[in-house]
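Since the structure comes first, as structure tokens, the remarks are kept for the end.
The values are calculated or read from the model by the stated rules, or taken from the named source; none is laboratory data. The model shown is predicted, which means the values in this text are computed figures rather than measured ones. Positions of Cβ are generated from backbone atoms using ideal geometry, with glycine treated the same way; all protein chains shown enter the neighbour counts. Accessible surface areas use protein heavy atoms only, side chains included; no ligands, DNA or RNA. Shrake-Rupley method; radii C 1.70, N 1.55, O 1.52, S 1.80 Å.
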Protein chains: 2
Amino acid sequence: MHPFDPIRPEEITLAASILKASLPGISLRFKVIDIQEPVKQHVIPYIEAERTGQPLPKPPARLAYSYLHRLDTHAFLKAVINLDTKAVVSLKELPKHIQGPVDVDEMIGLEIVCLKHPKVVAEIEKLQLPEGVTVCTDPWIYGTDDEAEHRRLVQFYMFIVPVAHPQSNHYSLPCAFSPVLDANSKELVRIDYLPTGRGHEVSAETQPWKPVKAVEYAHELLETPLRTDLKPLVVQQPEGPSFSLDGHLVKWQKWRFRVGFNYREGLVLYNLTFDGRNVFYRLALSEMTVPYGDPRRPYHRKQAFDVGDVGLGITCNQLSLGCDCLGHIKYFDGFRIDSEGRPVHLKNVICLHEQDAGILHKHTNYRNGEATVVRNRQLVVQMICTVSNYEYIFAWVLDQAGGLEFEVRATGVLSTIPIDDAEGLDLPWSTPVGPGVSAPYHQHIFNLRVDPAIDGFNNTVTYEDSVPLDPEEHGVEDPYGVGYVARTTVLDTAGFADTNVELGRVFKIRNDGIINAVSRKPVAYKVQTVASQRMLMSSRSFNARRARFHEHAVWVTRYRDGELFAAGEFTNQSRVSTGVDTWAARGDDVRNQDVVFWHTFALTHNPRPEDFPVMPVERLSVHFKPVGFHEKNPALDVPNSQQGVNKSTLVEEVAKEIKEAKECCKL
Amino acid sequence: MHPFDPIRPEEITLAASILKASLPGISLRFKVIDIQEPVKQHVIPYIEAERTGQPLPKPPARLAYSYLHRLDTHAFLKAVINLDTKAVVSLKELPKHIQGPVDVDEMIGLEIVCLKHPKVVAEIEKLQLPEGVTVCTDPWIYGTDDEAEHRRLVQFYMFIVPVAHPQSNHYSLPCAFSPVLDANSKELVRIDYLPTGRGHEVSAETQPWKPVKAVEYAHELLETPLRTDLKPLVVQQPEGPSFSLDGHLVKWQKWRFRVGFNYREGLVLYNLTFDGRNVFYRLALSEMTVPYGDPRRPYHRKQAFDVGDVGLGITCNQLSLGCDCLGHIKYFDGFRIDSEGRPVHLKNVICLHEQDAGILHKHTNYRNGEATVVRNRQLVVQMICTVSNYEYIFAWVLDQAGGLEFEVRATGVLSTIPIDDAEGLDLPWSTPVGPGVSAPYHQHIFNLRVDPAIDGFNNTVTYEDSVPLDPEEHGVEDPYGVGYVARTTVLDTAGFADTNVELGRVFKIRNDGIINAVSRKPVAYKVQTVASQRMLMSSRSFNARRARFHEHAVWVTRYRDGELFAAGEFTNQSRVSTGVDTWAARGDDVRNQDVVFWHTFALTHNPRPEDFPVMPVERLSVHFKPVGFHEKNPALDVPNSQQGVNKSTLVEEVAKEIKEAKECCKL
């Protein structure tokens, strides 16, 4: 067992039994049991011994943590358990205003409660739905609009299911009423009626449904036939993959890292080294929030924190060969718990495979036509998360030249609202996507937590701007006005910085203690940050105050154990951020220290009709590249691209090949 | 023969013979013979008849144009020839200050002249090179620093070739002297001595070379062995490609377009339609310029216009199966001329192939786990250009959902300068990349010319900003401060606009005459522009004045025949731009007109040591996507991703497969 290994089912069982024994006679619901991050200063000697091939010291204590929900008082508890000593390390009741995350069983249970509630049933009856047409509901995180609200609330958006097909697109047919339930008492708090015109006004009474055609995506429900002209494209690695595996340890093309998994962040990468040198200690998406730009009640509360409110790990798709993944694939499994504290096996939640991404480098000596061409083989570690209507595909992409990329692809179904079918109705914050249905503008705001280890665990964050040369400052004449230089700003103190396109700003994480012999500067990685729009909601809004990580593209903090999540540990119905902004505000010295780099980036998503009923991927990527970490291109030793290996084919020869293959089959 | 077909060898021969006959007794050097773009208003009826399946009208006249260089007066001539009537349409002598582009034969010829010139030979001798070590030269576009200079000049950067190997990296060993030749008289104008310290000072005398090791990229010259752990990755399309071909016409997944090729722009796409609807009339990279940030003489003149000064078509690599391209490939050839006006066959200059780019869209109904998953098959049309030291990979990537992307990848070898091997020497505009060698900061500034035809040839350019909702303006209360809307600005008059990250600015090209029934707005495509730094050189510099297209990210002009190149027709030793800035300044009405959209984007490239001796690709991409062009996702009809077709493999089963394959071989 390695300190960075994900939790195992027997550890879940052990932790649950320890907790049950510690809380005798108390009726409990288990929300989370997962691995507690090992204390960094305890784990470093262990992973450094591994890296340098020394005898391993004693591993740090194996800890788990748990969130529990008391069914009597409805208070949330947090416990930390030492799995080695089988002891409870800490157990505390959380303040009353804190709502733990939603769990899978809770959501499914509440869906049933909502749909069976007599007042909801009565409301559905008013729709006078035809035979075979039913109603379903997507429970939604309640969001926040009241400091004083202490109940655990869930908002249920209701949809008409036009046909009994498992993929019928109910998002095309949203209802104009939305029950709110107390998740603890299971009581109906009220039914919110949804505005369907330009203003906040709502209908007095739910009206009978006027049947319209849903915009379907399921192939069986399409009215037009599928394309028939897409030919198979097969990716094969007949000699196996270029990576080797040892449990969760992956070695590939000078890279070495560990694949982690937890209920909250899903995929985590640990202890990345390149050519035996430290590069990153830990990488994971720390938080994301999706606020909606519709000003009308109750939509102002639509703001999901998909990491903190729910958890990317428990929303991970269980992937299947040939459907989600193409090529030569390795899968990793994970475990979550059920509400009884029992392990639930999540099969194939992470996939690992190689891909070809065109040319990595090429040069032809034009004098003689002699060329060096190397292809860009990449390693992809990926998870796909379904968060109700939306899907996110998160991938780490490693390359052979020491670069790695965090890629986010958004797909799935837009969140929709009902609208009047009135001539000339235009909601300037929403795009109509079908009859009586519109998709409001929204933003996806991500925060990537980067715990660097550039040739060691003490690093410095800087940014470099490209600016015209100042002849006086640099002591060089510039008679033709062409000179430009890089101006470096060191982040000495914990805080923040912003992207700047006009200045060509590049962020770097460097190790001041190690000077590159060629560049004569500290070894570093640069971060190609995403320059993106900030949250559009007012700074006084709950949306902004709960997610203050949105305020700056880059935050730098001094490392402390337990500071992992940009909006804080508890985001569900949170009032304010308790995350990175508060840690950065400590103003710690972060020059040549154990620093953490947090990158916020966003997608302002004003939907297209083409994004419905299911959305072609929208892609964002953060790229990390060595800059003076090596003395030269570290991929010079990748063999040339060769037809003997690549076995490419000419279109003109296909007919012949097919013919030959057929003859071969006959033999 | 189609109006958009590239020039054919018999057309070159015909044009050359017509020109020779028209200019009897004049000693000529042929620089260019290529297709003259057909007059747009003549070609539209033809392509519209094609698109709608009507009888074809008479095609527009097939025209060629030529640049010629008089060897007596050294004046440049431009001729237009009607290939149908075999007549010269126009023939004019260009003003004395205009220098035609460089041609391949001219450059190679001048290299020999330079290296044999007694004064250059004498200078080389001063290096006292050991046996087996030689010198080569890269002729460079001279750039501009003098309005009065009318000679055709070439600057020769000199390099030491340390070993007689066809891929020895001479860029690692730059010399500190640089001859300037008159390309017409072949006379040595002077030898520029290069500064090697911080200032403009140069050595009095060329010194004997102090041998240092070159940083090599050729595998045979590396001192370390190649990686042995990269396993084959094979992409196959056993049933052939999903595209069909008819000459230069390509049909693929609802797309239909023509592949064009010319000496200057290389790859051009014409007449792109999707599902039978017009999308773009013509797409090509119109210009690029690479100014260097080194203020010292003569480096201030380092500013190449790789399209206008040389031509991407004539620098295109002749690609080979399995080396440059992976998978199932179709190649297109091209033709250039030699200095005698004879056709030269350029084999495999454009490649066409499909690739898999992960998932295109996915949604899982979490209630039952039923998923729709469609993979993102793409079609790539690509060329690779070698411009002396650098390589550019340009590709158009089409997708199944109506999107297309223009991708630029920069690779090759950095342009280098000699530096003193002095302790503490730091050039703030340059990165040391080896002993005695440094790579100056520079910018790659591209301009993409987009001639749109969104559902017709009259279009309007707009941009949309996402801004907080103004309750008064929109007549809606926003009590929680969360509302935001899109604010549209129409470009009524020819001119320019800039990207704006803070406002989430999105550019759109729309057809005001056609309203989307779902979105209730004009059909449109959006352009995901690259937000990038402008040229850093002073606006008074020749660099900036010659390339005024750099000043704005977007230019919009009213279409006129012949306006194709962002910096003007003649860029070699140009003094000022004669391009898009001058056309935009006409202030034409561009609302619902035949408009052209020009996008300038840039890469500020402050080299990393890792970019040497050959650079891992740096990637930029401009993405075009339908926005309310369709009523819903146009890729809904792509069949689901299926293992039966994809034939993916599990890593765990590989050993077994390999074993079986071996047994099969024995049989």
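B:Ile419 meets all of the listed conditions (1) free of Cβ contacts under 8 Å to residues at least 40 places away in the same chain; (2) buried (at least 18 other Cβ atoms within 10 Å of the Cβ) but one, namely (1). Applying the condition of being open to solvent by 40 Å² or more (accessible area, probe 1.4 Å) and among the aliphatic types (A, V, I, L, M) to region A:507-523 and asking which residue is nearest to the chain's Cα centre (by Cα) yields A:Ile514.
Can you name every one of the strands (runs of 3 or more DSSP E) wholly within region B:234-310 that holds 1 or more residues which are within 13 Å of chain A (Cβ to nearest Cβ), closer than 30 Å to A:Lys647 by Cα and of a type in the set (Ser, Thr, Tyr)?
Because the criterion is at least 1 residues that are within 13 Å of chain A (Cβ to nearest Cβ), closer than 30 Å to A:Lys647 by Cα and of a type in the set (Ser, Thr, Tyr), the strands (runs of 3 or more DSSP E) in region B:234-310 that meet it are B:244-246.
Can you say whether B:Leu226 is open to solvent by less than 80 Å² (accessible area, probe 1.4 Å) and away from every other protein chain (no Cβ under 14 Å), as far as the supplied structure shows? Criteria not met by B:Leu226. Are any residues in region B:47-81 open to solvent by 40 Å² or more (accessible area, probe 1.4 Å) and touching a helix residue (DSSP H, G or I) at 6+ places or on another chain (Cβ under 9 Å), and if so, which ones? Those that are open to solvent by 40 Å² or more (accessible area, probe 1.4 Å) and touching a helix residue (DSSP H, G or I) at 6+ places or on another chain (Cβ under 9 Å): B:Gln54, B:Pro55, B:Leu56, B:Pro57, B:Lys58, B:Pro59, B:Ala61.
Among the residues of region B:84-130, those identified as of a type in the set (D, E, K, R), under 19 Å from B:Thr73 (Cβ atoms) and in contact (Cβ under 8 Å) with a residue 40 or more places away in the chain are B:Lys96, B:Asp103, B:Glu106. Tell me yes or no: at least one residue of region A:552-564 is under 21 Å from the mean Cα position of the chain (by Cα) and either part of a helix (DSSP H, G or I) or within 14 Å of chain B (Cβ to nearest Cβ) (or both). Yes: region A:552-564 contains one or more residues that are under 21 Å from the mean Cα position of the chain (by Cα) and either part of a helix (DSSP H, G or I) or within 14 Å of chain B (Cβ to nearest Cβ) (or both).
Against the list (1) under 29 Å from B:Pro479 (Cα atoms); (2) outside any loop (DSSP other than H, G, I, E, B), the condition A:Glu201 fails is (2). Taken over region A:475-497, the criterion of being within 14 Å of another protein chain (Cβ to nearest Cβ), open to solvent by less than 20 Å² (accessible area, probe 1.4 Å) and of a type in the set (A, V, I, L, M) is satisfied by A:Val476, A:Val482, A:Val485. Scan region B:524-562 for residues that are open to solvent by 20 Å² or more (accessible area, probe 1.4 Å) and either of a type in the set (D, E, K, R) or at pLDDT below 95 (or both) and the total you get is 9.
Checking B:Val43, B:Val39, B:Val32 one by one, the residue that is among the aliphatic types (A, V, I, L, M) and open to solvent by 40 Å² or more (accessible area, probe 1.4 Å) is B:Val39 and no other. For the residues B:Val523, B:Val433, B:Val501, B:Val476, the requirement of being part of a strand (DSSP E or B), out of contact with any helix residue (DSSP H, G or I) (no Cβ under 8 Å at 6 or more places or on another chain) and not aromatic (Phe, Trp, Tyr) singles out B:Val523.
Kindly provide the set of residues from region B:99-133 that are farther than 30 Å from B:Glu149 by Cα and either open to solvent by less than 70 Å² (accessible area, probe 1.4 Å) or of a type in the set (D, E, K, R) (or both), ordered by number. Listed by number, the residues that qualify are B:Glu125, B:Lys126, B:Leu127, B:Leu129, B:Pro130, B:Glu131, B:Gly132, B:Val133.
Among the candidates A:Val32, A:Val43, A:Val88, A:Val80, which residue alone is assigned to a strand (DSSP E or B), farther than 24 Å from A:Thr571 by Cα and among the aliphatic types (A, V, I, L, M)?
After applying the criteria, what remains is A:Val88.
Here A:Ala395 qualifies as touching a strand residue (DSSP E or B) at 6+ places or on another chain (Cβ under 9 Å) and assigned to a strand (DSSP E or B).
Residues are listed down the side, and each one gets a yes or a no for (1) in the same structural domain as B:Ile33 (by TED's automatic domain parsing); (2) under 20 Å from A:His363 (Cα atoms); (3) in contact with a helix residue (DSSP H, G or I) (Cβ under 9 Å, 6 or more places away or on another chain); (4) surrounded by fewer than 24 Cβ atoms within 10 Å (Cβ to Cβ):
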position: B:Arg301; (1), (2), (3), (4): no, no, yes, no
position: B:Asp309; (1), (2), (3), (4): no, no, no, no
position: B:Gln318; (1), (2), (3), (4): no, yes, no, yes
position: B:Lys330; (1), (2), (3), (4): no, no, yes, yes
position: B:Ile337; (1), (2), (3), (4): no, no, yes, no
position: B:Glu340; (1), (2), (3), (4): no, no, yes, yes
position: B:Leu346; (1), (2), (3), (4): no, yes, no, yes
position: B:Leu352; (1), (2), (3), (4): no, no, yes, yes
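The single condition from (1) over 27 Å from the mean Cα position of the chain (by Cα); (2) over 20 Å from B:His69 (Cβ atoms) that B:Glu187 fails is (2). The helices (runs of 4 or more DSSP H) found wholly in region B:571-667 and carrying at least 2 residues that are touching a Leu at 6+ places or on another chain (Cβ under 8 Å) occupy B:643-646. For region A:612-626, which residues satisfy the criterion of being within 21 Å of A:Arg282 (Cα to Cα) and either among the polar types (S, T, N, Q) or open to solvent by less than 20 Å² (accessible area, probe 1.4 Å) (or both)? Matches in region A:612-626: A:Ser621, A:Val622, A:Phe624, A:Lys625, A:Pro626.
Residue-wise test of (1) facing chain B (nearest Cβ under 8 Å); (2) open to solvent by 10 Å² or more (accessible area, probe 1.4 Å); (3) closer than 30 Å to A:Cys323 by Cβ.
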| position | (1), (2), (3) |
| --- | --- |
| A:Thr364 | yes, yes, no |
| A:Val380 | no, no, yes |
| A:Trp396 | no, no, yes |
| A:Gly402 | yes, no, no |
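Inside region A:395-441, residues that are within 17 Å of A:Arg608 (Cβ to Cβ) and at pLDDT below 95 make up a count of 1.
Inspection of region A:645-657 identifies no residue that is in contact with an Asp or Glu (Cβ under 9 Å, 6 or more places away or on another chain), open to solvent by 50 Å² or more (accessible area, probe 1.4 Å), facing chain B (nearest Cβ under 7 Å) and at pLDDT 90 or above.
Among the residues here, A:Leu448 qualifies as open to solvent by less than 40 Å² (accessible area, probe 1.4 Å), touching a Phe, Trp or Tyr at 6+ places or on another chain (Cβ under 7 Å) and not in a loop (DSSP other than H, G, I, E, B).
Assessment of region B:326-341 against the conditions (facing chain A (nearest Cβ under 7 Å), in contact (Cβ under 8 Å) with a residue 60 or more places away in the chain and in a loop (DSSP other than H, G, I, E, B)) yields at least one matching residue. For region B:137-150, the criterion of being surrounded by fewer than 20 Cβ atoms within 10 Å (Cβ to Cβ), among the aliphatic types (A, V, I, L, M) and not in a strand (DSSP E or B) is met by at least one residue.
For region B:95-128, taking the residues that are aliphatic (A, V, I, L, M) and touching a Phe, Trp or Tyr at 6+ places or on another chain (Cβ under 6 Å), the one that is nearest to B:Tyr157 (Cα to Cα) is identified as B:Leu127.
Only one of the numbered conditions (1) part of a strand (DSSP E or B); (2) more than 11 Å from chain B (Cβ to nearest Cβ) is not met by A:Leu360, and that is (2).
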